[in-house]
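Engineer: Next up is a structure, given as structure tokens.
The values are calculated or read from the model by the stated rules, or taken from the named source; none is laboratory data. Predicted, not measured: the structure shown is a model, and the values here were computed from it. Every residue, glycine as well, gets a Cβ built from its backbone with ideal geometry; the counts of neighbours run over all protein chains shown.
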Amino acid sequence: MLEILLIYAIIPLIKITAIVLFLSGAIAYLTLLERKVIAHIQVRLGPMRVGWHGLLQPIADGLKFILKEDIVPSRSDALLFTLAPIFTMIPAFVVFAVVPFGPPDMLEGPLRSVLTLVLEPAAVESVVTSAIASGGFVTDINIGVLFILSLSSVGILGIILGGWASNSKYPLLGALRSTAQMISYEVALGFSIIGVLLVAGSLSLVEIVQNQEESQLWYIFVQPVAFVLFFICAMAETNRLPFDLPEAETELVGGFHTEYSGFRFSLFFLAEYANMITVSAVGVTLFWGGWLRPFPNVEWLSFLDFIPSVLWFLIKVFVFLYIFIWVRGTIPRYRFDQLMHYGWKVFLPLALANVLVSAGVLLVFM
Amino acid sequence: MAEQTILDTKELEINMGPQHPSTHGVLRVKLKLDGERVLDAECIIGYLHRGIEKISENRSYINLVPYFDRTDYIAAVSNVYGYLLGVEKMMGIEVPDRARYVRIMMTEFNRIASHLLWLATHAIDIGAMTVFLYCFREREEILKLFEALFGARLTTHAFRVGGLWMDLPLGFEEAAQKFVDEFPGHVDEYEQLLTNNRIWIERTKDIGVISGEEAIEWGISGPPLRGSGVDYDLRKVRPYGGYEEFEFDVPLGVNGDTYDRYLIRLKEMRQSLRIIQQVLDNLPDGPVRGKAPKILKPPVGEFYSSIEGPRGELGYYIVSDGSAQPFRVRIRPPTFVNLQALRRLVKGHLVADVVAIIGTLDIVLGEIDR
């Protein structure tokens with residue numbers, strides 16, 4: 001009984017708590033990282049006053065947001081107005097339920113040494129051999145990729161609702177742009193992922209990584225076109241430059257969140273960063289081999305194994321995020337009709353062609 | 001009247017400004033939108049009106065000078081220059097060579113500073129935020145030069161009747177030379193970020209197109225006019241203050257779109273550097289202030305003096321009744337005239353382009369509202 005409780009309730013709950021806490025911290029410090037990186041790109045220093053090199057800045061910002069007056073515009077739809085930020089925030093976290101941080105036996109060692117103190121050897125064995133308990137992920141569902149795609153759409157729903165519920169013109173335009181953007185990009189994004197799925201032969205993120213280990217190649221080398229498409233669509237998905245049209249502070253003065261202030265605004269703001277992390281984690285899992293070291297199975301590189309798999313995963317996510325920030329510091333913003341033009345006329349055909357070619361190659365040579 | 005149904009679409013009327021990050025001050029544009037497409041745009045100005053033209057009727061000619069710093073605060077040096085040229089012509093005051101050269105050098109520095117500010121804001125309007133800070137880095141160097149010579153950075157009160165307030169401070173020429181040497185590299189940097197950038201080109205090419213004839217009909221001047229291929233630069237057409245002694249080219253555009261206007265301003269910065277270099281090489285010695293009476297009483301009459309400011313033809317129409325105060329000073333602000341064309345330029349474009357077009361006109365509300 002106790003081991004079942006351990007496997008299905010206690011250990012997953014501990015993992016979920018750990019991930020949520022870690023993610024919250026990561027989001028907060030991603031804002032600081034962005035400010036710092038952009039600042040250095042732009043020959044500035046960025047935040048320097050709060051803590052050493054501004055290290056406490058995210059905490060100060062968070063406090064400020066919480067302490068601000070909570071304003072709901074009188075002409076807005078109060079219920080939707082309140083729900084919208086939550087809609088954008090939650091999915092970004094939930095996606096991490098299926099993203100693997102490490103291999104299925106990651107926690108086996110530590111779990112065993114802890115559990116032997118309280119359980120009989122047979123029970124310990126049954127707990128540590130279960131992937132749900134000892135895997136480096138919360139759960140491994142066989143439709144992981146679909147789960148992620150559906151959740152990311154819900155996140156954009158929050159933006160649309162926020163713009164709509166504000167009952168104000170600039171947010172409305174932001175929401176409209178967001179809708180256009182979502183329709184244009186989700187399709188290409190989905191097709192770019194199909195390329196990976198064809199090669200991997202599975203929808204489970206854990207299996208996708210394991211397959212990359214077997215084939216000794218990260219899928220970025222197998223599916224380069226798909227990766228480029230995924231990366232561009234990911235930027236559109238997270239509303240980052242050059243696709244930050246729903247916000248476009250110099251055109252729509254903040255777009256969908258113009259009417260938001262205080263803590264609600266901070267939810268939107270943090271959701272953008274949460275989404276960045278989510279998308280990066282998914283991208284790393286699908287294309288950069290998840291928790292694997294570079295070139296898995298290449299013998300003479302095995303000294304790289306001294307870095308634990310979780311760290312490899314985090315390093316790669318960091319690189320992904322860094323590229324996001326770097327792009328923001330470098331290029332201007334697209335116009336929303338140009339974005340749709342690319343979405344429909346360039347990326348979608350490319351993604352389709354990629355799927356066709358991949359499928360054909362697999363059919364002929366495998 | 002036809003019956004209204006749920007499928008009918010309505011025009012959306014939206015106020016851009018006066019508090020809007022991309023209207024460069026307190027311009028208010030009333031946009032009529034169909035979706036995001038602009039059907040009509042109406043400019044509403046006057047939020048920064050200070051009545052400088054009226055004030056000028058109650059101040060002496062000399063007291064007036066610092067007021068014109070504050071019309072176009074981005075190009076304060078050339079503003080004062082335009083006014084002083086007029087007053088000096090009316091009074092027949094000789095300006096010593098050294099002062100003339102320094103004036104030209106400083107107005108050209110001002111042109112660069114003004115174009116830098118334009119590039120910075122134009123780029124950030126279109127979303128390229130890094131260019132913004134790069135430009136401000138270089139503008140800072142020019143402002144330091146201003147501070148060294150004029151004692152102020154923005155509202156400089158640059159020149160005095162008959163010449164300069166004082167001679168160049170120690171080390172000024174070296175600092176200016178250093179800037180001239182380093183600046184082309186920085187312009188290359190901006191070009192690297194923007195000129196061949198796909199997104200930048202797509203956002204600016206064929207946006208806000210105006211033909212040469214039409215630009216003349218609207219009375220547009222400055223870079224927007226030259227962007228449409230009209231070779232009209234007052235420094236060449238009607239040289240003033242000694243510009244005929246310097247060699248420089250007038251860059252021209254072909255298509256009259258936002259991208260051409262961008263290229264032209266970048267080239268103008270390089271041409272300004274050429275002029276500054278020539279000034280530094282040939283700077284004559286001598287006094288920097290000619291003989292001018294303490295109280296100016298120009299003869300009765302009307303006088304129009306205009307210069308090629310960074311934004312276009314900046315004119316001062318001065319009417320004298322023979323007293324120590326002008327009867328009337330009418331300013332022809334280049335951007336006030338250029339802004340008229342906004343409605344014509346934005347029609348049919350998208351909201352995002354409105355921002356780009358306001359940016360490309362390089363407006364300064366302090367000058368439009370006066």
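Engineer: Here is a check on your reading of the model: is B:L27 touching a helix residue (DSSP H, G or I) at 6+ places or on another chain (Cβ under 9 Å) and touching a residue at least 40 places away in the same chain (Cβ under 8 Å)? Break it down stepwise before answering.
Structural biologist: Working: touching a helix residue (DSSP H, G or I) at 6+ places or on another chain (Cβ under 9 Å): yes; touching a residue at least 40 places away in the same chain (Cβ under 8 Å): yes.
The answer is yes for B:L27.
Engineer: Which ranges mark the helices (runs of 4 or more DSSP H) fully within the stretch B:75-151 that have 2 or more residues being farther than 28 Å from B:L263 by Cβ and of a type in the set (S, T, Y)?
Structural biologist: Result: empty, no element qualifies.
Engineer: While we're looking at this one, here's another question. Would you check if A:I132 is modelled with pLDDT of 80 or more and at negative phi? First the steps, then the outcome.
Structural biologist: Details: modelled with pLDDT of 80 or more: no; at negative phi: yes.
Spelling it out, it is not the case that A:I132 is modelled with pLDDT of 80 or more and at negative phi.
Engineer: Turning to a different aspect of this structure: Which of the residues spanning the stretch A:20-55 are crowded, with 18+ Cβ neighbours inside 10 Å and among the hydroxyl-bearing types (S, T, Y)?
Structural biologist: A:T31
Engineer: Which one is farthest from the other protein chains (Cβ to nearest Cβ), of the residues in the stretch B:121-142 that are over 17 Å from the mean Cα position of the chain (by Cα) and charged (D, E, K, R)?
Structural biologist: Of everything passing the filter in the stretch B:121-142, B:E141 is farthest from the other protein chains (Cβ to nearest Cβ).
Engineer: Specify which of the listed residues (B:E138, B:E174) is surrounded by fewer than 19 Cβ atoms within 10 Å (Cβ to Cβ) and either more than 30 Å from B:S323 (Cα to Cα) or among the polar types (S, T, N, Q) (or both).
Structural biologist: Every option except B:E174 fails the conditions.
Engineer: Out of the stretch A:166-190, which residues are surrounded by 24 or more Cβ atoms within 10 Å (Cβ to Cβ), away from chain B (no Cβ under 12 Å) and more than 23 Å from the chain's Cα centre (by Cα)?
Structural biologist: A:S166
Engineer: Quick check: is even one residue across the stretch A:210-223 under 17 Å from the mean Cα position of the chain (by Cα) and under 17 Å from A:V317 (Cα atoms)?
Structural biologist: No, the stretch A:210-223 has no match at all.
Engineer: To continue, here is another question. Being crowded, with 22+ Cβ neighbours inside 10 Å and out of contact with any Leu (no Cβ under 6 Å at 6 or more places or on another chain) is true for just one of A:G158, A:G109. Which residue is that? First the steps, then the outcome.
Structural biologist: On the way: A:G109 fails: crowded, with 22+ Cβ neighbours inside 10 Å.
Result: A:G158 is the single residue among A:G158, A:G109 that is crowded, with 22+ Cβ neighbours inside 10 Å and out of contact with any Leu (no Cβ under 6 Å at 6 or more places or on another chain).
Engineer: Within the stretch B:45-72, which residues are free of Cβ contacts under 8 Å to residues at least 24 places away in the same chain and under 21 Å from the mean Cα position of the chain (by Cα)?
Structural biologist: B:Y67
Engineer: Here's something else I'd like to know. With B:L342, B:L365 as the choices, which residue is closer than 21 Å to B:I124 by Cα, under 12 Å from the mean Cα position of the chain (by Cα), buried (at least 20 other Cβ atoms within 10 Å of the Cβ) and away from chain A (no Cβ under 14 Å)?
Structural biologist: Details: B:L342 fails: under 12 Å from the mean Cα position of the chain (by Cα).
Just one listed residue meets the conditions, B:L365.
Engineer: A follow-up question, please. How about the stretch A:1-101: which helices (runs of 4 or more DSSP H) wholly inside it have at least 3 residues that are within 14 Å of A:S266 (Cα to Cα) and touching a residue at least 24 places away in the same chain (Cβ under 8 Å)?
Structural biologist: A:11-41, A:57-67, A:78-94
Engineer: Go through the stretch A:287-341 and report how many residues are assigned to a helix (DSSP H, G or I) and either more than 14 Å from chain B (Cβ to nearest Cβ) or not small (G, A, S) (or both). Explain how you work it out, then say what you get.
Structural biologist: Quick first cut of the stretch A:287-341, residues assigned to a helix (DSSP H, G or I) only: A:287, A:299-306, A:309-330, A:336-341.
From what's left, either more than 14 Å from chain B (Cβ to nearest Cβ) or not small (G, A, S) (or both): A:287, A:299-306, A:309-328, A:330, A:336-341.
Looking only at that region, the number is 36.
Engineer: Here is a list: A:R75, A:R44. Which entry is of a type in the set (D, E, K, R) and either closer than 28 Å to A:L149 by Cβ or modelled with pLDDT of 85 or more (or both)? Lay out the reasoning, then the answer.
Structural biologist: Details: A:R75 fails: either closer than 28 Å to A:L149 by Cβ or modelled with pLDDT of 85 or more (or both).
None of the others qualify; the one that does is A:R44.
Engineer: Additional query: In this structure, is A:V284 away from chain B (no Cβ under 14 Å), at pLDDT 85 or above and either surrounded by fewer than 23 Cβ atoms within 10 Å (Cβ to Cβ) or part of a loop (DSSP other than H, G, I, E, B) (or both)?
Structural biologist: The answer is no for A:V284.
The rows are residues; the columns are (1) assigned to a loop (DSSP other than H, G, I, E, B); (2) over 16 Å from B:D369 (Cβ atoms); (3) out of contact with any helix residue (DSSP H, G or I) (no Cβ under 6 Å at 6 or more places or on another chain).
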{"site": "B:E13", "(1), (2), (3)": "no, yes, yes"}
{"site": "B:L33", "(1), (2), (3)": "no, yes, yes"}
{"site": "B:D40", "(1), (2), (3)": "no, yes, yes"}
{"site": "B:C43", "(1), (2), (3)": "no, no, no"}
{"site": "B:L48", "(1), (2), (3)": "yes, no, no"}
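Engineer: Taking the conditions exactly as written (surrounded by 22 or more Cβ atoms within 10 Å (Cβ to Cβ) and either within 14 Å of chain A (Cβ to nearest Cβ) or under 22 Å from B:L170 (Cβ atoms) (or both)), does B:I112 satisfy them or not?
Structural biologist: So B:I112 does not fit the description; no.
Engineer: In addition: Just name the residue that is modelled with the lowest pLDDT out of those in the stretch B:270-303 that are under 27 Å from the mean Cα position of the chain (by Cα) and of a type in the set (K, R).
Structural biologist: B:R289
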